[in-house]
Every structure is written in C-alpha cells, then in structure tokens.
Amino acid sequence: MRTSHGSFVWRLFLLLALLAPGLAAAAPQPFVPPSSPESAREQAQRQQAQPYNNAPMWRDVRSEREHQTQVRGIETGVLVQSGGETWRELRNGPVSLIGGLLLVAIAAIILLFHVMHGSIKVTSPPAGKMIQRFNDWERWVHWSVAITFCILAISGLIILFGKNVLLPIIGHTLFSWLAILSKNLHNFVGPLFIFSALVMFVTYVKDNLWKSYDFRWFKNMGGMLGGEHIPSGKFNAGEKVWFWLGLFVLTIIVAVTGLILDFPNFEQGRAIMQQANVVHAIAAILYMALSLGHIYMGTIGVEGAYDSMRTNGQVDEAWAKEHHGYWYEDVKADRTGQKAAAGVAGAGQVPQAGR
Amino acid sequence: MARMKFISDAERCIECNGCVTACKNEHEIPWGVNRRRVVTIDDGIPGERSISVACMHCSDAPCIAVCPVDTIYKTTEGIVLHDKDLCIGCGYCFYACPFGAPQFPQDGAFGLRGKMDKCTFCAGGPEADGSEAEFKKYGRNRISEGKLPACAEMCSTKALLGGDGDVIADIYRNRVVFRGKGSEVWGWGTAYGKPEKQQPQQQPAAQGAKS
Amino acid sequence: MTAAALVPLGLVAGCGEKPVTVYKAGKYQGKADSQPWDNERFKGDRNAWEKAIKDRSVAQNEYARVAHSK
C-alpha cells in the first residue's frame, strides 16, 4: 500500500515534469518538428498571420513531394506531377513530327538513290568459287536480331503513329486489336532482342574493330559516291559505323530505357518513365533510320551482298575481292580461321541452298 | 449546358477518406485500384491541409492526347470517360496525368497492366446506361439517374463538391466570402512576396509585430 | 511518280498532335454512347435531367439549409 501510494506521487511528479516544458512552450509560435520541410514551417506561421491563406501549402503541392495518404501505390502521395505535360508536348510534338519526317525522308532518299543509281554491281565476272562469309551461328544470331528488330520497329511505329495514320483507315475496334498485339509483342520481344543483340555483339565484335584503312573508306563512302572501291576487311567502315552506332550505342540506349518502361513492377515513378519514353522514342527512330540504310545495302543496294546472309552464307570470290579486299586476302591466306567453301559452283549460278 | 467539375475545399477536408470508401463501395472497385484518394500536406503540423483528388475531368485532357488508341473521350458534360474494350493497357495516360488519376489493376512485368480504370464522375462508360456490362466495367452510372458522384454527395463536411461547375463555384465563392478573410487572405503581399523580404532592415520589426 | 510523292506526304500528315476529340452528340469516334437523359427515368427529357442535376448540385450548399448568423 505504502509503496503504491509512493509510486503514485512519483508518477504525478513525473507527469508534471513532462508537462511543464509543454505548458511553458504554449507561446504563439506553433511547434513544428525540426525535420519538417521549410514549407511546413511557413504554412504553420501563415495560419497565424493570415488564417485561410494556404499559399505555402499550395506551393508545396506543386513541389512533387510525397505527402501523406492512406492509399497504397506508386506515388499516391504526390498530388500534382507536372512532368507528364512536358512528356506529352515532346512526344506528340517534336519527337513524332521530326521523327516521322526523318523516317519518311530517309526512305525517300534511299528510293531516289536507287532509282537514279541502281544497285552497285560486281564489275568483274563471277569467279564461280564460293567463300564462306558467315557461318551458321553468325547467320542465326544475325537473323535473331534482325527479326526481333523488325517486330519491335513495326509494333513501335504502330504505337507512336498508328493513331493518326492507321486508326482513321481501319477504325477503332480493329486498330485497338492491332495495338494490343503490337504492345504485347513489343513488350515480350524487347528482352529477346536485347539478348540477341548482346550475343551478336560478342560474335561480331572481333571483325568490327577499327583499322587504319577504314578511315580512307569514308572519302567516297566506299565507292557509293563514284570512284574506286576502297578495300576493306570483313566489314567495311560503313558496316562498322552501323555496328558501333547501331548495335552498340543505340541498343544500349533503347535497352535501358525499354527495360525501365517494360517492367513497371519495380515501382519506378512517373518522371523516370516519361524521360525514358522520350529517349526510347528518339533512339528507336534513329535506329530505324539507320536500319533502313543497312537493309537497303544488304539486299538490293549491293548486288551479291544478300548471299552472305542467305541459307548457306557463301559469297562469290569476285564479290569478296571487290567489296572486302583485305578480308578476301585473309581468307585466301587462311588467316581468319574460316575455310573457303569447298563446293565450286558453276559460273554465274546462284549458290544452292543445300550444302 | 452543365460542365461537370469537382472542387475540394482544403479548409474543410478532415481526411476521413469517406469519399474514397464511398467510391470503392459504389462501384465495387477491385483491390489495389483507387479512383480517388485523399492526400494530406504537412501531416501532423499546425496548418496541415487535406485534399481529395481523382480525375479532374480536364478540358484539354493530356490522357486523351497521348492515348495511342483514342480510347478516352469527353462527353457533352465535360466528363472524361474511357472505353475499356479499346484500352491496350500501355500506361501512357498514367504518364501524362498530373493527378495520378488513371489506375491499373496490375503492375506486372513486361508491362502487363490490364485495362485502365479511373474516376468516371459516376457516369459509367460507352455501354448502355445502367446495364450490367457497364456496371462490371465502370461501376454505377449515377449521372444517368440524375444524381451526382457518390464521393461528393457522401462528403460529411461538404469539402468535396461535384456537379455543374457554375453552381459549385458559386457555393464555394459564398463560403470564401462568408469566412470573411477576403482582402487579408489574398492580395499583393501574398501573391508577390511581402515587402519586408525586399527590405531586410525592417525584418526584425515585422517579425516582432507578428508574434 | 506523283503517287510515290503523295505516299510520304500522307505519312507525314500522321505526325504531330491533333486537337483533342470533339464530342459529337450521342456518339464518340464511331461508337455510340447514349446521353444521360436517354433512359427510362428521364425518357429523353433533357430539361428534367438538367433540373435533377442542378437540384442536387444546389443541395450541396448547406448554407441554404442551415440558418446562420452573419
């Protein structure tokens, strides 16, 4: 009894001791925890100076800071996030306008070039002997990248431009179906493309290292602008630009930004996704513009070039000598580790699919 | 013609989340989707204010501008609605919206988000008004019943007002006048900074006068 | 040749942003959405619907209902 009575007095004393500073601090200045932001202090003071004036609070609303909310989710505490407007202006403005113009212009220039010049022919008669240019593995890797790239390019174009180009023609229901297909293809094929491109980089990098003779190639763009063919290694300087600028730099950019957009399950905020989307679109459009050049040169632009990526990956010796002189010499001297194809095809005959 | 709007009165909102609950209940919204939320600024500090926010039914709605399939549309009453059949779940409306109104049932890997869901101003969607299909996709259509959004009508302090912009702006204006702090609340000093900030010598005197 | 010149022009027209869709009465972008007064309750009477909404909107003003001293 005595002990409990004593403890009661003690507790009362303790309570008073705890309250005393609080009572003493009942001054007009409101208590604001020191850790709170400047705007909170300002708001607390403003409520005394000018009640109903919430200007500091409204400024804080625009600060895109996370505030308190009971709703769980990504950035639910942010009341106003203005980055979306910038993103919209960029995406619907310069990115789609200049990007679209660029793609159409590049396609038109290539078409015009082809109409005026025609494809680059092999001047010397076919040697009839075939050289293995790309082995099975190299062709598999190339086509994995190429096919996934095309799927991504077409589906991406549908998502960016389809609303204004396709939708008025095919209508909402059909276009929505196409867009759902495009979006899912884009999201699932994307990581596949990144993987393929990685493998392609490792496979092709040794032949794409810069050599001193590559810089001479740019003088007349490897004979495209007339003049003589500058001899080059397995890949000429143009192909090396495509390798380093396209497969290396642009792949990294579209891959990083694409993964940010493709995996919203990591709770990244809107700001990074808006920025990633703009960078992704710009890099992808540049990538597509470059790819148009590569596709043209690899198919109808240069006679015989497509043979190297066809079913057996062999090219005619005359073609090899003309377009990739140093590589041809290397193969002949057996310095590349690649064996010349054993089969001797008839002069002028298209290489057969079978081996 | 009515132009539908929401106003959230920061002076009145008590952060009861009644609007959030009313919305979820009225439309039977799935777990994880919140068409409306209450955000408290400076929580726990004197001068804290709460604001209830959902789709603001913008006049120049950024979500409509960026939607790649044109699924979001605007009714004659200025209500921004969307068609879940067309939605591809790309999340662009979520990037564009400053208020975080568009919601997605999932945030899965490979961008699997499901169909977008957002505040409909209790006006349903393109399906027949009051139909089972409309309710399943968009929730109840109170507007076609001549009623206002559940959140605003349920608000216990009438902090959240919904309805014809002219009418609710009038109600709000009346309130502000009745609170009677007009010229003290707003004015040159508030909008462009106090004169003492430009004249540092007078600052101690001004502070002393305040406290 | 003119066709070849027109195709890029047509594609370029797809760039940029178009004005946000303007609502056409009772329809949007080819898909019908009925007006809120086109139902059993209002039987197409637009004025009745607008009055119902206005009454509800005005009813949110509790100053009109609660006596107050000023």
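Counting only strands (runs of 3 or more DSSP E) that sit wholly inside segment B:1-61, those with at least 2 residues that are of a type in the set (A, V, I, L, M) and closer than 18 Å to A:Leu79 by Cα are B:37-41, B:49-53. Of the set (1) over 30 Å from B:Gly114 (Cα atoms); (2) more than 14 Å from the chain's Cα centre (by Cα); (3) in contact (Cβ under 8 Å) with a residue 60 or more places away in the chain, all apply to B:Gly165 but (2).
How many residues, within segment A:141-157, are under 13 Å from A:Gly100 (Cβ atoms) and either of a type in the set (A, V, I, L, M, F, W, C) or not assigned by TED's automatic domain parsing to the domain that holds A:Phe243 (or both)? So that I can check it myself, show each step before the final result.
Step one: list which residues in segment A:141-157 are under 13 Å from A:Gly100 (Cβ atoms), which gives A:156-157.
Subset that is either of a type in the set (A, V, I, L, M, F, W, C) or not assigned by TED's automatic domain parsing to the domain that holds A:Phe243 (or both): A:157.
Result for segment A:141-157: 1.
All of A:Tyr213, A:Tyr204 fail the test of being farther than 19 Å from B:Val69 by Cα and touching a Pro at 6+ places or on another chain (Cβ under 8 Å), apart from A:Tyr213.
Would you pick out the residues in segment A:35-49 that are within 8 Å of chain B (Cβ to nearest Cβ) and over 10 Å from B:Asp42 (Cα atoms)? A:Gln45, A:Arg46, A:Gln47, A:Gln48, A:Ala49 - these are the residues of segment A:35-49 that are within 8 Å of chain B (Cβ to nearest Cβ) and over 10 Å from B:Asp42 (Cα atoms). Residues satisfying the criterion are present in segment A:82-93 (criterion: among the basic types (Lys, Arg), within 8 Å of another protein chain (Cβ to nearest Cβ) and over 30 Å from B:Asn17 (Cα atoms)).
Counting the residues of segment B:50-67 that are modelled with pLDDT of 95 or more and within 7 Å of chain A (Cβ to nearest Cβ) gives 2. Of the set (1) at pLDDT below 95; (2) closer than 24 Å to A:Arg88 by Cα, all apply to A:Ala276 but (1). Scanning segment A:50-86 for residues that are more than 22 Å from B:Pro46 (Cα to Cα), in contact with an Asp or Glu (Cβ under 8 Å, 6 or more places away or on another chain) and acidic (Asp, Glu) yields a single hit, A:Glu75. When segment B:107-123 is limited to residues that are within 9 Å of another protein chain (Cβ to nearest Cβ) and touching a residue at least 24 places away in the same chain (Cβ under 8 Å), the one that is nearest to A:Phe266 (Cα to Cα) turns out to be B:Arg113.
Output yes when any residue across segment A:118-140 is farther than 21 Å from B:Ala61 by Cβ, in the same structural domain as A:Tyr296 (by TED's automatic domain parsing), among the aliphatic types (A, V, I, L, M) and loosely packed, with under 14 Cβ neighbours inside 10 Å, and no when none is. Before you say what the answer is, go through the steps one by one.
We begin by selecting, within segment A:118-140, every residue farther than 21 Å from B:Ala61 by Cβ; these are A:118-140.
When the remaining residues are screened for being in the same structural domain as A:Tyr296 (by TED's automatic domain parsing), the result is A:118-140.
Cutting the leftovers down to among the aliphatic types (A, V, I, L, M) gives us A:120, A:122, A:127, A:130-131.
When the remaining residues are screened for being loosely packed, with under 14 Cβ neighbours inside 10 Å, the result is none.
No, every residue in segment A:118-140 fails to be farther than 21 Å from B:Ala61 by Cβ, in the same structural domain as A:Tyr296 (by TED's automatic domain parsing), among the aliphatic types (A, V, I, L, M) and loosely packed, with under 14 Cβ neighbours inside 10 Å.
Restricting attention to segment A:26-55, the residues that are of a type in the set (S, T, N, Q), over 44 Å from the mean Cα position of the chain (by Cα) and surrounded by fewer than 18 Cβ atoms within 10 Å (Cβ to Cβ) total 3.
Okay, residues lined up against (1) touching a residue at least 12 places away in the same chain (Cβ under 8 Å); (2) assigned to a helix (DSSP H, G or I); (3) surrounded by fewer than 19 Cβ atoms within 10 Å (Cβ to Cβ); (4) among the hydrophobic types (A, V, I, L, M, F, W, C):
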position	(1), (2), (3), (4)
A:Trp242	yes, yes, no, yes
A:Leu247	yes, yes, no, yes
A:Ala255	yes, yes, no, yes
A:Ile260	yes, yes, yes, yes
A:Asn277	yes, yes, no, no
A:Leu286	yes, yes, no, yes
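A:Arg88 passes every criterion in (1) touching a Lys or Arg at 6+ places or on another chain (Cβ under 9 Å); (2) within 30 Å of B:Ser52 (Cβ to Cβ) apart from (1). Within segment A:310-355, which residues are at pLDDT below 85, closer than 22 Å to A:Trp140 by Cα and basic (Lys, Arg)? Matches in segment A:310-355: A:Lys339, A:Arg355. Quick check, is B:Thr40 in contact with an Asp or Glu (Cβ under 9 Å, 6 or more places away or on another chain), among the β-branched types (Val, Ile, Thr), without any contact (Cβ under 8 Å) to a residue 40 or more places away in the chain and at the interface with another protein chain (Cβ under 8 Å from one of its Cβ atoms)? Here the answer is yes, as B:Thr40 does meet what is asked.
Among the residues of segment A:140-175, those that are at pLDDT 95 or above and either touching a strand residue (DSSP E or B) at 6+ places or on another chain (Cβ under 9 Å) or small (Gly, Ala, Ser) (or both) comprise A:Ser144, A:Ala146, A:Ala153, A:Ser155, A:Gly156. Counting the residues of segment C:23-70 that are closer than 29 Å to B:Glu153 by Cα, under 17 Å from the mean Cα position of the chain (by Cα) and at pLDDT below 60 gives 5. Would you say A:Glu66 is within 30 Å of B:Gly32 (Cα to Cα) and surrounded by fewer than 15 Cβ atoms within 10 Å (Cβ to Cβ)? In short, yes.
Within segment B:124-162, the set of residues being in a loop (DSSP other than H, G, I, E, B) and touching a strand residue (DSSP E or B) at 6+ places or on another chain (Cβ under 7 Å) comprises B:Gly124, B:Gly125, B:Pro126, B:Asp129, B:Gly130, B:Leu148, B:Pro149, B:Ala159.
Closer than 30 Å to B:Val66 by Cα, within 8 Å of another protein chain (Cβ to nearest Cβ) and within 36 Å of the chain's Cα centre (by Cα): is that true of A:Leu79 in this structure? Yes: the conditions hold for A:Leu79.
The values are calculated or read from the model by the stated rules, or taken from the named source; none is laboratory data. Since the model is a prediction, treat every value here as computed from it, not as a measurement. Positions of Cβ are backbone-derived with ideal geometry, glycine not excepted, and every protein chain shown enters the neighbour counts.
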